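The values are calculated or read from the model by the stated rules, or taken from the named source; none is laboratory data. Here the structure is a predicted model, which is why all the values come from computation and not from measurement. As a convention, Cβ positions derive from the backbone with ideal geometry for all residues, glycine included, and neighbour counts pool all protein chains shown.
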Amino acid sequence: MTWFLCIIIALVLAATFVVAARGGVTMTQAYDDRRDVTVPADRALRADDIRDVRFTVGFRGYRKEEVDVLLARLESEMSVREHASEPAARPDGDDPTAGHDAY
């Protein structure tokens with residue numbers, strides 16, 4: 001009788017294993033279901049765009065990739081704006097900002 005119970009238990013465990021393993025079918029591919037940080041790509045960023053940004057919260061804070069992408073874009077746009085706003089040198093060589101304090 002003991003052998004019979006052991007065989008029944010082994011068969012139940014084997015059937016449970018086969019069902020749990022789904023007959024050898026692998027798990028489906030995981031997909032990224034996080035929302036993207038949405039900032040307009042077709043125009044320069046404005047203060048309202050930055051104010052409205054919300055990053056996805058990860059295990060230890062914000063997702064580093066999202067923050068890095070936004071900071072890189074801000075840096076490139078700000079450097080373009082800075083270069084565009086620099087005063088052009090006068091043909092006579094005078095610097096229009098010479099002798100003036102930046103205060």
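Taken together, the residues in segment 1-35 that are at pLDDT 80 or above and in a loop (DSSP other than H, G, I, E, B) amount to 1.
Taking segment 42-64 as the range and being modelled with pLDDT under 80, loosely packed, with under 11 Cβ neighbours inside 10 Å and part of a loop (DSSP other than H, G, I, E, B) as the test, the residues that pass are 52, 54, 59, 60. Screening residue 38 with (1) at pLDDT below 65; (2) of a type outside the set (A, V, I, L, M, F, W, C); (3) within 31 Å of the chain's Cα centre (by Cα) gives one miss only, at (1).
Each row is one residue, and each column tells you yes or no for (1) among the polar types (S, T, N, Q); (2) at pLDDT 85 or above; (3) under 13 Å from residue 45 (Cβ atoms); (4) part of a helix (DSSP H, G or I).
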| residue | (1), (2), (3), (4) |
| --- | --- |
| 70 | no, yes, yes, yes |
| 73 | no, yes, yes, yes |
| 81 | no, no, yes, yes |
| 88 | no, no, no, no |
| 92 | no, no, no, no |
| 100 | no, no, no, no |
| 103 | no, no, no, no |
